[in-house]
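See below for the structure under consideration.
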Amino acid sequence: MDDRPTCPRCGARPARDAASPDLCPSCLFIEALRGEAADESPAIDEHYEVVNVLGEGRYGTTYLAHIRHAPETPVAMKILHARRPHAEWRSRLQTYVTTVTAVNHPRIARVLDTGVEPDGRAYLVTDFVLGRRILTHCVRSRLAVRERLRLFADVCSTIDAAHRRGFVHGHVVPENVLVSTHEGKSVARVLDFALITLAGDQLTEPADDRLAMTALLAQLLAVDDSNDAGLASSHSHVRIVQAIGNCRTAEAMADVAEALVK
């Protein structure tokens, strides 16, 4: 017997590991569309309509939008804060798209389109990822340490794919990792990939990503309230962070995290 609760709005049953234990994914999106509209919607190209603000970060503001000729298709649109000459932006955007496309990883949001606003701000259109920030997901779902490590291994393997192509993320923080549901399984997806390069900020190296991922892991374990005594009794959170943080590659970090889960 299926004991999962039904969506209070449409009656459907959310996936067992859905990002929200309440509304189903379809109703979550509708709810987002009904959210508070952006006070100043950017003057985007006629192909898109901005719906509301999803969040603001170091490099820009992200909006929920949809394609005008396909309103049922949601996308995420990031408007970068920096203003530059159009020719410079076009060169940077071309390099950025080439970078992300080369990695071609299922847990990195695809870049669907780019452009430059009349006021000199660039924008990126990417897949809209329906999910929750990784720390929020861990707390609200009361995930055991093993489940947190599984999600962390997702992040590590994603970053490793970039490093193998010679690129770095540059800003691996909890706000840039969303947990969504794919085929009934919770999956961590990485956002804002390599924006540090596009924005022209200081150069980073793979070691910077590994340091940031170690900090992310420490935060994931610090919010643990799952009473997962099985793993915690044999490996304290500090020892787990030390063991993974000492790895020399993102691939090794993923391997150690997966080994601790078994």
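In the range 234-260, how many residues are of a type in the set (Gly, Ala, Ser) and either surrounded by fewer than 17 Cβ atoms within 10 Å (Cβ to Cβ) or out of contact with any helix residue (DSSP H, G or I) (no Cβ under 6 Å at 6 or more places or on another chain) (or both)?
6
Could you pull out the residue among 178, 130 that is at pLDDT 85 or above and assigned to a strand (DSSP E or B)?
Step by step, each of 178, 130 is checked, and only 178 is at pLDDT 85 or above and assigned to a strand (DSSP E or B).
Of all residues being part of a strand (DSSP E or B) and either among the charged types (D, E, K, R) or without any contact (Cβ under 8 Å) to a residue 40 or more places away in the chain (or both) in the range 66-83, which is farthest from residue 49 (Cα to Cα)? Just the residue, please.
83
Can you confirm whether the range 192-205 contains a residue that is at pLDDT 90 or above and either closer than 30 Å to residue 122 by Cα or in a helix (DSSP H, G or I) (or both)?
Within the range 192-205, none of the residues are at pLDDT 90 or above and either closer than 30 Å to residue 122 by Cα or in a helix (DSSP H, G or I) (or both).
Taking residue 11 as the residue in question, decide whether it is touching a strand residue (DSSP E or B) at 6+ places or on another chain (Cβ under 8 Å), at pLDDT 55 or above and of a type in the set (Gly, Ala, Ser).
No; evaluated as a whole, the condition is false for this residue.
Within the range 110-119, does at least one residue satisfy the condition of being buried (at least 20 other Cβ atoms within 10 Å of the Cβ) and in the same structural domain as residue 76 (by TED's automatic domain parsing)?
Within the range 110-119, one or more residues are buried (at least 20 other Cβ atoms within 10 Å of the Cβ) and in the same structural domain as residue 76 (by TED's automatic domain parsing).
Given the residues 54, 80, which is the only one that is crowded, with 16+ Cβ neighbours inside 10 Å, farther than 30 Å from residue 142 by Cβ and either outside the structural domain of residue 183 (by TED's automatic domain parsing) or modelled with pLDDT of 80 or more (or both)?
Just a single option satisfies the conditions, and that option is 80.
Hey, does the range 142-149 have a residue that's on the phi < 0 side of the Ramachandran plot, within 17 Å of the chain's Cα centre (by Cα) and assigned by TED's automatic domain parsing to the domain that holds residue 252?
Yes, there is a match, as at least one residue in the range 142-149 is on the phi < 0 side of the Ramachandran plot, within 17 Å of the chain's Cα centre (by Cα) and assigned by TED's automatic domain parsing to the domain that holds residue 252.
Scanning the range 152-175 for residues that are part of a loop (DSSP other than H, G, I, E, B) and not small (Gly, Ala, Ser), which turns out farthest from residue 215 (Cα to Cα)?
165
Would a scan of the range 189-196 turn up a residue that is assigned by TED's automatic domain parsing to the domain that holds residue 241, surrounded by fewer than 19 Cβ atoms within 10 Å (Cβ to Cβ) and not basic (Lys, Arg)?
Scanning the range 189-196 turns up no residue that is assigned by TED's automatic domain parsing to the domain that holds residue 241, surrounded by fewer than 19 Cβ atoms within 10 Å (Cβ to Cβ) and not basic (Lys, Arg).
Just a yes or no: is a residue in the range 84-107 in a strand (DSSP E or B) and assigned by TED's automatic domain parsing to the domain that holds residue 52?
no
Given the condition under 17 Å from residue 262 (Cα atoms) and surrounded by fewer than 18 Cβ atoms within 10 Å (Cβ to Cβ), answer yes or no: does some residue in the range 130-152 qualify?
Yes, the range 130-152 contains a residue that is under 17 Å from residue 262 (Cα atoms) and surrounded by fewer than 18 Cβ atoms within 10 Å (Cβ to Cβ).
Just one of 90, 140 is under 30 Å from residue 239 (Cβ atoms) and among the charged types (D, E, K, R); which is it?
Criteria check complete, one pass: 140.
Using the structure shown, decide if residue 79 is over 20 Å from residue 179 (Cα atoms) and over 19 Å from the mean Cα position of the chain (by Cα).
Considered against the rule, which asks whether it is over 20 Å from residue 179 (Cα atoms) and over 19 Å from the mean Cα position of the chain (by Cα), residue 79 comes out as no.
The values are calculated or read from the model by the stated rules, or taken from the named source; none is laboratory data. Just so it is clear, the model here is predicted, and its values are computed rather than measured. Because the Cβ atoms are built from the backbone with ideal geometry, glycine has one as well, and the counts that use them run over all protein chains shown.
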